[in-house]
Structures are given as structure tokens and as C-alpha cells.
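The structure appears below as C-alpha cells.
All of the numbers you see were taken from the coordinates with simple rules; none came from a lab. These numbers come from a predicted model, not from an experiment. Don't worry about glycine lacking a Cβ; one is built from the backbone with ideal geometry, like all the others, and counts go over all protein chains shown.
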Amino acid sequence: MGEKVNQFDDIYLDLAPELGLLRLAQSGLGWKARRGEGLFTVRDADLKRTTWLRAARNFQLRIQLRDGRIVKFDGFQRDDFEKLKDIIKTNYGLQLETKEMSVKGWNWGETDFSNGNLVFSVQNKEMFEIPLNEVTNTSLTAKHEVMIELGGPDGEGGARDKNRKGDQLVEMRFYVPGQANQEGEGEEESNANVFYNSIKNEADIGDAAPGDGIVLFSDTLCLTPRGRYDIDMFPAFLRLRGKTTDYKISYTSIIKLFLLPKPDDVHVLFVIGLDPPLRQGQTRYPFLVFQFVREEEIDVSLNLDDETIATKYEGKLEKKYESRTYEVVSTLFKTLTGRRVTIPSEIFKSYHNQSAIKCSMKANEGVLYPLDKSFLFIPKPPTFIPHSEIGSVTFSRVGGNAASASRTFDLKFNMKSGVDYSFSSINREEYGNLNEFLQNKKIKTKTMEDESTGRYVEMVEDSDSEEDTGKRKRKSVVQDFGGGDDEGESSPDEDFVADESESDVAEEFDENVSDSGGSNASDASDDDGSDDERPAKKSKK
């Protein structure tokens, strides 16, 4: 006769979101997910201690194994206690202990590191615990404040799961006052710094084992987020070490790489696209923008043997590099991440023979790169605009009387999703090359001729003369926002509303003026005024 098996339905294993079945027999216990291939088993000889406590998902059975690991099963009902107590005592000879949790709701207490968890207790009663294998990063955000980030996208570190659904805690901050007592040393160390170092060590997010690093690039200037960082590259991840922050970035989270010359002919920008983005408090950074001096050279040796370079990296790396810094950095990122490095488009050159044009996005000055498959504005805020998601592009202040008095024009990307990206203060000399690039990429363009009336023309290809001269012709589409009954390509934009007293473009123009400021404010005062205001200006004169 086989051994008796007791079963509990609808039980969770650790932090897994799936329900499963927990079966207990004399030989051990096992958990299996209702759906999928999730399976976990423990032999009876490996069980050391069992505890019953209240948890977020009803009641929890916590099992400590002889190797120090903790296994948690959530989802038990209150009435299951007596039954489970008898089963554990009969099958494994262990007592099911009960643990009382703190329910005061206080946000101050004591912390301790135990069995791979950060335990927060109030008056010697546990309030909550954080599995340290869920901690992905920690930093000192203030003199007495320590921040920890939770969860990970790469599936590393035990219970992390990329496919989790629902809400998830991603960040916590601890205020740790006071100074630590250090005998025999002149300088005192803050308790916050001791707590910070303890988390790094216990969560295994500090320095990797000696000799594991491939190469270190010290004191590298980063424009977004601003600061200088050491880039320490390992086989599966890299570390960004700043004065107060330390980030661990898996190569699997790097989705884009750009190597772009800055229009000043002195610097080169290396842009890294991340998914998920880097978090610093409430701010997210989907792109990291590093800046290198173009003529700066570096002499480094990789901590890799010849066999590893030949087999694992297929000979794409060299043992030693003596070259320009940005070339070495981009080569290593390309090889270690397996991502292609995007370089400037060969079919676009600005008026000054550069790969980008200077402009402003709201109040932020930067450069806009027209690339083969996208536009990229950097450094702040880095904005990525794929060609495939652009519905149309609108030029403002490039025609009519206003343009004759203005040295710059504005550009707006009307995305298919309904989101708009506006750029201002573009040198008027860049209009021809930029418009030609858009036409070459078959992106629909419009030119606002008169903001006061909303008149615009749509740029279309001249099929009769394109092969011979490559020129474009301008076709008048609609006289104003409210007029015109044409259909198809000649229909007015759906975003325009006929009953509004002022055009959407005028409102957008006002916003750009307030954001960009400077010389554009005088241009705006000439273009934005209504017909009722202009006679008043003449009377003052």
C-alpha cells in the first residue's frame, strides 16, 4: 500500500503569481503549478524548521531547509492550521511554530539581515521582510537616506520573473539617522552608509569577484543622467559607478546603440537605449548619453584569454587596444550586447556639412539627428522618433512675411499615435536639406505659410520631373482650417477644428515661444497677434 498523500489546493510558491497544488507525503513535499511546467520538491531529510504566520495572501507556511534556504507557501486558510500541524508532526517529526507579526502600522523600527532577507521589525515583532535576491540596486540618495530598487527584468536572482502581472513594489527608501561607532578611527561613518554597504554585500550587488571584470573605463562623462561614472564591464552585465549611485545593467536590457559625432567637430556621443529604463528616484532614463573627446586615445588590455576571445566572442575582440576611446567603447558594447551600432545617415548633411542640426525641445537645447530609420534628439530629454511611427511633419515659419524677418523655423512631428514632438529655433538654412531628407524617406510634410489664418501647403513629389531634376512642387491643399471639401490627400487634417477662433498651430507656436524664450519671443509677437490687436499696435506708433 502506497504512502498517504495530503493535498492543499490554490497555494502560491514564494512570489510566483501562479496558483498550484501542494502535496505532503512522508518522503517529502512537492508543489506543482496548475498551468505550465512549474515544479518544486523537497525531501523530508532536508526539512529543518516550519513556521505558520499571517501573510499578504492569507496565511503562510514558511519552511527553513538545512542548507539555510527559506521556502514559502502562501494561500492557506485559517482553518488549515490544525490539519497542517498534524501532518507535519506525523510525517516529518517537526513542530509547526506560530509567529506573531506586528500590525501597529508604524514606519520606524529596526532592520536585520537573516536567511537572505532584510527583516524590518517593530518592538521585536516582524512587520515585513524583503528577499535580498529581489534587490537590483541600492544607493545613498541623501546623507541619511538609502534607496533600494526591487525586481529585475533578466530573470536572475531567484524569484525574479519578467512576466509578472499586476502591481509590483519597485522601490523603497529608508531614513537611517545617527553615526556608527568606530573604535580606533578618527572619522565617523554614518549609520546610513553602514546600512547601504550591508545591503550591497548581502544582496550581492556590490563588486564582483576579483578578476571577473573585462575592462574598466574610468571617469567617463555622462550627459544623461548628468555626472561622471566608471564603466566596469563584465561578461553578462556592466556597472555604472558614480559618487552616490551604483547601477548594475544587464546586457539583455540594452536594446539600442548609437555612435554619433557632435556638430562641434570636437566630441562624439555614444547613446545606449535601455528597456526597462534606468531609474533614479521618480525619474526614468530610457537612454544613457556618454560624451567622448574625438581625438582622445586609450591604451587598455582586456581581462580575457585568447581561447575565450576566439571561441566565446568569435574573434570579434582583441587582447589589447590602442585606439580612440569612443571606438574601443563602441566595439566592446557591440560585441558584448550583440546589438548593432547605429551611425549617422549617409544621405543627410546639414547646411554646415554636419550629421545633425541644432534645435531646442521646449526649453532644452540639443541636436536632432536624422537617421536612416529614425530621428534622435539628445542630450536632454533623449527622444527617439522612428520613421514608421510618423504620420506627418509640419514646418512652421518657413514661408510668408513672417519668415522673411525670422532666422529660424519650427518643426513638429505628428505621430500616428496622436503624440506630437515639437522642435524650435532651427536655423533657416537647414530647411532645404531637412525637407529633402524627409521627401527621400517618403514622409508626408506640410508647411505652415500663415499662422494667423492656418493656411498650409502639403509637400508632394513631382512625378513628372523627379527623375530628371529631383525637384518638388508645392500643392495648395486647403485655404484655412474651416474651408475646403476635398477628400483623400486633399482633406484637412482631422486635428483641425473649424469652429475654433484661433488655430492649433498658433497655440503651439505660443507654447514654443514660452518654452524656448530668447530671440524667438520677438518673432512670436509679430506672428501671433490677432487682427484685432494689430491696429492697436499701429496707433501706438
Dividing the mean separation of Cα pairs under 8 Å (6+ apart) by the residue count of the stretch 1-112 yields a relative contact order in percent of 20
Using the 2.2 N^0.38 Å rule of thumb for compact globular proteins, work out how the stretch 272-427 stacks up: its C-alpha Rg over that value, please.
1.32
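By its C-alpha gyration tensor, with a ≥ b ≥ c as the square roots of the eigenvalues, how is the stretch 216-325 shaped: rounded for a/c under 1.5, else prolate for a/b larger than b/c, else oblate?
Verdict is oblate for the stretch 216-325.
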When the chain is fully extended, how far beyond the present Cα-Cα distance does Ser198 get from His387, taking 0.36 nm per residue of separation?
63.3 nm
Sort 24-34, 38-48, 355-365 for me by packing, meaning the mean count of neighbouring Cβ atoms within 10 Å per residue, highest on top.
355-365, 24-34, 38-48
State whether the stretch 335-419 is rounded, prolate or oblate according to the following rule on the C-alpha gyration tensor (a ≥ b ≥ c being the square roots of its eigenvalues): a/c under 1.5 gives rounded; otherwise a/b larger than b/c gives prolate, and the remaining case gives oblate.
prolate
Between Ser114 and Leu150, what length in nm is gained on full extension when 0.36 nm per residue of separation is reduced by their alpha carbon distance?
11.2 nm
Contour minus end-to-end for Met101 and Asp219, with contour as 0.36 nm per residue of separation and end-to-end as the Cα-Cα distance?
37.8 nm
Quick check: from the Cα gyration tensor, does the stretch 293-334 come out rounded (a/c under 1.5), prolate or oblate?
prolate
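Structure shown: which of Lys262/Lys380; Lys362/Lys412; Lys349/Lys441; Lys243/Lys358; Lys72/Lys104 lie over 20 Å apart, alpha-carbon to alpha-carbon?
Result: Lys243/Lys358; Lys72/Lys104 exceed 20 Å.
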Using the basic label-point model (7 angstrom from Cα toward the beta carbon), what is the Glu37 to Leu15 distance in nanometres?
2.4
Which of Lys32/Lys83; Lys373/Lys446; Lys316/Lys416 exceed 30 Å between C-alpha atoms? The answer is Lys316/Lys416
With each label point set 7 Å from Cα along the Cα-Cβ vector, what nm distance links Arg279 and Ala25?
4.2
Val122 neighbourhood, Cβ < 13 Å, K/R = +1, D/E = -1, net charge -3
